[in-house]
Structures are given as structure tokens and as C-alpha cells.
Amino acid sequence: MKKTLIVYHSRSGHTRRVARALAQRLDADIEEIRIVQPLDGWLGYMMCAIESLAELTPALRPMRRRPADYDLVVVGTPVWFWNVSSPVRSWLETHALKRRVAFFCTMGGSGAGRAFASMAELAGREPVATLALIDRDVEPKVGERMGAFLGALHAHRRPAARHAPRHAPAHAAA
Ligand SMILES: Cc1cc2nc3c(=O)[nH]c(=O)nc-3n(C[C@H](O)[C@H](O)[C@H](O)COP(=O)(O)O)c2cc1C
């Protein structure tokens, strides 16, 4: 069994690309958070807006992986209206995370800070590391920008030794 789980939501593919790249580099299991009612097209965008601004939690499709089976859970979201996306909000609300967590997000330009703060609040835990990428950096820089984030996650995947030094959170912003 792998030790790290990556869960993410993606509407237009950026977060999925980052999630897959992370999964490959971390040798992690990966699962997409999918909503029952897809938010495609213009109407879907309006629904995203309503759900984000009202902090609603849409129904999710069943998932195969259980976060409790992993040492580290990495959660990825697109930024929606300067906050976490509503599907990831739903997922975090319905899973009591008792393991180490790390967060990443993709965005057009701004909102990562509030998204990560909301995710930490919903998870009831501070992340060991965060990674924020803007869309134009996802393709060319996804490998390059991942370095510090991956380093922090590798460190936190080691078994918690009694005398292990405490690691300061590593945060990478676009
Ligand atoms: C409903 C909605 C709201 C968004 N709000 C923001 C925002 O507040 N700030 C921002 O920088 N980008 C915003 N974006 C852009 C997305 O965060 C960005 O394109 C992201 O990479 C999309 O991820 P995805 O391709 O995995 O769905 C928004 C996109 C959508 C669909």
C-alpha cells in the first residue's frame, strides 16, 4: 500500500495536471473528487459562483480511497472566487483527517492564501506544506516549482521518529 494519497478536484484540467505530476513524483495513490451534478459551460460557471460565494457543499460521487489508510494526504483545489472550490469544501467537510495534510492549488492569479486558510479550517489541521501555481506556470514550471514542496512532503512521509526534528512548513507560492 502506498503511503501518500492525493485527492483533487479539477474543472478544466490544471489541478489534474499538477495532481498527476505530484503522484508520479511521490509514487502516490491519486483520486479525483467528482461532483454528482457536473458544472460545465456557462450555467455551470454560475453554479460554481453561487456555491463558492455561499460556501455550499455539493454532493460528491463515491470515492474508492480512504484517507485513514495513508500517512499523508495531499489535497488539491482550483481557486474559486478567492477561496477553496466547493467540491473540495465538500470533501474536506465529510472526511475527518487524522493524518498529515498538504495542500496545493491552481489559480488565474490570486486567492491561494484564503483557499489554504479555509482548507486548514475545514481539515482541522495545518498543512505541512503548500504549493500555489498560477495557470500559465502549470505547464512549463510545474516540475521546477514542485521542488521545495516535494522535499517537504518526502520529509514528512518518513515514520514519525520519537526524536525526529520538527519541520517548519514549506510554502511555495506562484
Ligand atoms: C468559478 C471559478 C472561479 C474562479 N475564481 C478565481 C479566483 O478567485 N482567483 C483566481 O486566481 N482564479 C480563479 N479562477 C480560475 C481558476 O482558479 C484557475 O483557472 C484554475 O487553474 C482552474 O483549475 P482547473 O483547471 O483544475 O479547474 C476561477 C475559475 C472558476 C471556474
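General observations
- Applied to the range 116-128, the Karplus parametrisation 6.51 cos²θ - 1.76 cosθ + 1.60 on θ = phi - 60° returns per-residue 3J(HN,Hα) values of 5, 5, 5, 5, 5, 5, 5, 6, x, 8, 7, x, 6 Hz, with x for Gly and Pro.
- Each Lys and Arg adds +1 at its Cβ and each Asp and Glu adds -1 at its Cβ; summed about the Cα centre, the chain shows a dipole of about 660 debye.
- Between the amide H of residue 131 and those of 103, 104, 105, 172, distances stay under 5 Å, these residues lying 5 or more places away or on another chain, with hydrogens modeled in the peptide plane.
- Net charge of the neighbourhood of residue 59, taken over other residues with C-beta under 13 Å away and scored Lys/Arg +1, Asp/Glu -1, is +1.
- Percentage of interatomic Cα-Cα distances in the range 1-138 larger than 25 Å: 17 percent
- Percent RCO, i.e. relative contact order, over the chain, from Cα pairs under 8 Å lying at least 6 residues apart: 21 percent
- Relative to the dominant Cα principal axis of the chain, helix 14-26 is inclined by about 20°.
- Once the Cα atoms are used to define both axes, helix 41-53 deviates from the longest principal axis of the chain by about 60 degrees.
- With a cut-off of 13 Å between beta carbons, the residues surrounding residue 101 carry a summed charge of +2, where Lys and Arg count +1 and Asp and Glu -1.
No lab work stands behind these numbers, since they all come straight from the coordinates. Here the structure is a predicted model, which means the values were calculated and not measured. Cβ sites come from the backbone with ideal geometry, for glycine too, and all protein chains shown count toward neighbours.
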